[in-house]
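Right, one structure below, let's go through it.
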Amino acid sequence: MKRLAATVLTAVALAVFGGMGVRSQEEMKQVSSDPFPRPQRPPAVFLHDAHNAKAGIEACNECHHVYEDGKRREEESSEDRRCADCHGLADEGGRPGLRKAYHRNCRGCHLERRQGPIVCGECHRRS
Amino acid sequence: MNELYRLATGPLLWAAFAVFVGGSLYRLLELFLLARRRERFLFTYFSLRYGLRSIAHWVVPFAATNWRRHPALTAVTFAFHLCLLLTPIFLLAHIVLWEEAWNVSWPALPDDWAIGMSFVVIGGCLFFFARRRVVPEVAYVTSASDYGILLLTAAPFVTGVIAYLQWFDVRLFTVLHVLSGEAMLVAVPFTRIRHMLFAPLTRAYMGSEFGAVRHARDW
Amino acid sequence: MTGSKTPPPAKTVDEGLERGIAGLTEERIRRIIRRVLAGETGARLKAYVDTCIHCGLCSEACHFFLSRDRDPAYSPVGKVKQTLWEILRRDGRVSPDFIKEARIIASTHCNLCKRCAMYCPFGIDVAYLMLVVRRICHLLGVTPLYIQDTAHSHAATLNQMWVKDDEWIDTLMWQEEEARGEIPDLRIPLEKEGADILYSVIGPEPKFQAQLIYQAAVILHVAGVDWTMPATPGWDNSDMAMFVGDNELMGRLKRAHFETAARLRVNRIVMGECGHAFRSVYDVGNRWLGWSMPPIPIVHAIDFYHELLEEGRIRVARRFEEPVTLHDPCNVVRGGGLHEKARAVIRRTCAQLIEMEPNREHNYCCCAGGGVINCGPPYKKHRVESNRVKAEQIAAAKLKGAKVVITPCHNCHSGIEDIIHHYELGVETRFLGDILYQVMEKP
């Protein structure tokens, strides 16, 4: 309980429905915008496996991070939870709101690595 | 393109805001000092009450006689200027950037509204362009710079709409959107877009002369 | 598309302009322009030129533009484009012929009525910009002959009409004598120190409208006003110097006028029905002398008649019967806010007032003021043709029954008389004082 109550930050949402049942990763094509009351843009396109293969990401917690007391816990990972479980719509102390968290996690990394989409319409694609 | 984006949203954006804010302040200060040096009497006649009275009659649509004489132009010009100022400030995508960079945010317009308002701005530019071509007394005093100002104003909105609708290359048009927006900001102190800075002053001065000295209306 | 529809007025031959440009070199033009721009203009010029967005909304304010079939060359901004914008764009490198054309535009295509300042969303003062052009032309010695003659008269005699010192006194004594035929104890007090009021007039009154002095004397006498007129130069409140661009001369004139009032230790200066003189004494000349407002209170005739009627010092015997309409002169209405007082005077003195449309601050200019009529015969045809809207405005008032146009301003009076004749409108024009004199109770 204590750990859950602590500052935990999660990023790119794995759409984990019902909390327990983990869907097949192959089916993930976009980041769900369900937690947002009135999403203004289409959900961000995200092909989980293709992305990771291309980006050379092996450790889950590169994205599915866990923060405690403002520090990232390198040995832990949060792919068993939804981003929205930790990130509310608004910022809470040092914990960014959901939208900001997504943008930082994805776009922040893209900007840093100078690879991948960075402008609005590249992720929030109109089909 | 990544590099160009980083440049456009990094150093160039800083530069654009610096030139816009610094340049605008410089222009106002320059005018103020010029008035102090050569036409100090302007301060004698300046009246806050009558200045505001005059401005009030001109910033309310149809409150001045000449606004009522040109209903179409009045409707367009008010809608145009309102959308021109409000859309960039209250566009969600811009607020997101402010929020992520500076942790400041404010309520946003729904994107549907923002896109509609952008079309109002673009439509306004087309209207003004047509006016410059068609109305003889406007054509007579139109110069290349007038078209330039229209282009500068329309460009961020046209590219913004294209980027939003994701026509053509999204990244290219987003970058063009940023660059054209910066160009417009930079242009404010250096082109006649500076009527945005000076018009309240000229109006207020005329209002002061009419109100306090001439005891007459100026609307 | 961008050209002017109407050809320029038939080649005006104006010796003042021709002789003026004959000796001009481009070098001298440039030097004078720079001197004016660098030494005499400042924040206003800069703000007006930089702020104008070229929208053309000032056009419909201008009687020239409206009367000349919406010719864009006659719109206020069109006139600025042809003169000041060119001067600025070419950094003063303009030819003598350009200066001549600029002088014609600034001095005869604009009455400085400031109606356009009420139509420009930014309140840009085109009249001021035209005055800058006039100033440059004056310093270059390029001025229409007739108005330059009046300015010379001002310079030599301190009055506009070459009225000699003794002629002035003679005229007053003559009018006093005439008026005593009607009111035996009437006096036109001369040089009465400590009088309450100095009554001042424009040069043309003693020159050829002496009956106006007679009428004023009757009104002042009947009202029991403690008044005087000076027997010295300084009696003339008019000012063509202001309109040619000779600010230094304007300063001399206004100083003489105010000092005359100060010498006679009067409390107020009451002036006859003149608009430009009001502008000069109330708004422009005082500023040149460093007074933000006139050093001695200035009361225009409209205001004064209003005061006399409201206080019951003048009573109306029988109101003027014919329906009248009122022309609101720019310099006392847009320039002095006397429109409601003028109407109050008319309601007390006339049976019926029929309003012109538009009226009050929005009234169309007479096209004579701003020194335009004073530029003389070479420009008369152009002037009356350039005010067809005024003719239409008067004709509409006439259709509603108006038979008399009250014009409480000398320039307006003459200008409207010309319009009435040219367009054969079949109405009469009168001063407010004419009406008051006619209807008042006399002993």
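At a glance:
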{"read-out": "Cβ pairs under 9 Å, 6+ apart, first in the stretch C:284-309 and more than 16 Å from residue C:406 (Cβ to Cβ), second buried (at least 22 other Cβ atoms within 10 Å of the Cβ) and hydroxyl-bearing (Ser, Thr, Tyr)", "value": "C:286/C:280; C:293/C:282; C:294/C:282; C:298/C:282"}
{"read-out": "Test for residue B:20: is it in a loop (DSSP other than H, G, I, E, B) and of a type in the set (A, V, I, L, M, F, W, C)", "value": "no"}
{"read-out": "Residue within the stretch B:45-61 that is more than 17 Å from residue B:204 (Cβ to Cβ), in a helix (DSSP H, G or I), free of Cβ contacts under 8 Å to residues at least 24 places away in the same chain and within 11 Å of chain C (Cβ to nearest Cβ) present", "value": "no"}
{"read-out": "Helices (runs of 4 or more DSSP H) (entirely within the stretch C:263-320) containing at least 1 residues that are within 24 Å of residue C:226 (Cβ to Cβ)", "value": "C:275-278, C:301-310"}
{"read-out": "Unique residue being more than 25 Å from the chain's Cα centre (by Cα), more than 7 Å from chain B (Cβ to nearest Cβ) and at pLDDT 95 or above when the list is C:32, C:53", "value": "C:32"}
{"read-out": "Test: residue C:204 is out of contact with any Gly (no Cβ under 6 Å at 6 or more places or on another chain) and of a type outside the set (Ser, Thr, Tyr)", "value": "yes"}
{"read-out": "Condition met for residue C:405 (on the phi < 0 side of the Ramachandran plot and either outside the structural domain of residue C:342 (by TED's automatic domain parsing) or touching a His at 6+ places or on another chain (Cβ under 6 Å) (or both))", "value": "yes"}
{"read-out": "Residue list for the stretch C:154-178, restricted to those being closer than 10 Å to residue C:217 by Cβ and either touching a Pro at 6+ places or on another chain (Cβ under 8 Å) or free of Cβ contacts under 8 Å to residues at least 40 places away in the same chain (or both)", "value": "C:172, C:178"}
{"read-out": "Any hit, the stretch C:225-241, residues being in a helix (DSSP H, G or I), of a type in the set (Val, Ile, Thr) and in contact (Cβ under 8 Å) with a residue 40 or more places away in the chain", "value": "no"}
{"read-out": "Residues satisfying the stated conditions in the stretch A:97-127, i.e. under 24 Å from residue B:168 (Cα atoms) and acidic (Asp, Glu)", "value": "A:122"}
{"read-out": "Subset of the stretch A:85-125 (residues that are surrounded by fewer than 16 Cβ atoms within 10 Å (Cβ to Cβ), more than 10 Å from every other protein chain (Cβ to nearest Cβ) and not in a helix (DSSP H, G or I))", "value": "A:88, A:89, A:92, A:93, A:94"}
{"read-out": "Per-region count, the stretch B:55-91, residues surrounded by fewer than 19 Cβ atoms within 10 Å (Cβ to Cβ) and closer than 20 Å to residue B:163 by Cα", "value": "4"}
{"read-out": "Unmet criterion (only one of (1) at pLDDT below 95; (2) more than 10 Å from chain B (Cβ to nearest Cβ)) for residue C:64", "value": "(1)"}
{"read-out": "Residue list for the stretch B:139-165, filter: touching a Pro at 6+ places or on another chain (Cβ under 8 Å) and buried (at least 20 other Cβ atoms within 10 Å of the Cβ)", "value": "B:140, B:141, B:156"}
{"read-out": "Out of C:70, C:103, C:44, C:93, sole residue that is farther than 24 Å from residue B:195 by Cβ, crowded, with 20+ Cβ neighbours inside 10 Å and among the basic types (Lys, Arg)", "value": "C:103"}
{"read-out": "Residues that are within 11 Å of another protein chain (Cβ to nearest Cβ), outside any helix (DSSP H, G or I) and among the β-branched types (Val, Ile, Thr), drawn from the stretch B:153-191", "value": "B:191"}
{"read-out": "Residue check for residue B:194: within 14 Å of chain C (Cβ to nearest Cβ), in a helix (DSSP H, G or I), under 17 Å from residue C:124 (Cβ atoms) and at pLDDT below 95", "value": "yes"}
{"read-out": "Checking residue C:149 against (1) in contact (Cβ under 8 Å) with a residue 40 or more places away in the chain; (2) more than 23 Å from residue C:266 (Cβ to Cβ), the condition it does not meet", "value": "(1)"}
{"read-out": "Qualifying residue in the stretch C:357-373 (condition: surrounded by fewer than 24 Cβ atoms within 10 Å (Cβ to Cβ) and over 20 Å from residue C:274 (Cα atoms))", "value": "yes"}
{"read-out": "Only listed residue being away from chain C (no Cβ under 11 Å) and either within 26 Å of residue B:206 (Cα to Cα) or not polar (S, T, N, Q) (or both), chosen from B:70, B:94", "value": "B:94"}
{"read-out": "Per-region count, the stretch C:375-385, residues surrounded by 22 or more Cβ atoms within 10 Å (Cβ to Cβ) and over 21 Å from residue C:143 (Cα atoms)", "value": "0"}
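The values are calculated or read from the model by the stated rules, or taken from the named source; none is laboratory data. This one's a predicted model, so the numbers in the text were calculated from it and none came from an experiment. Positions of Cβ are backbone-derived with ideal geometry, glycine not excepted, and every protein chain shown enters the neighbour counts.
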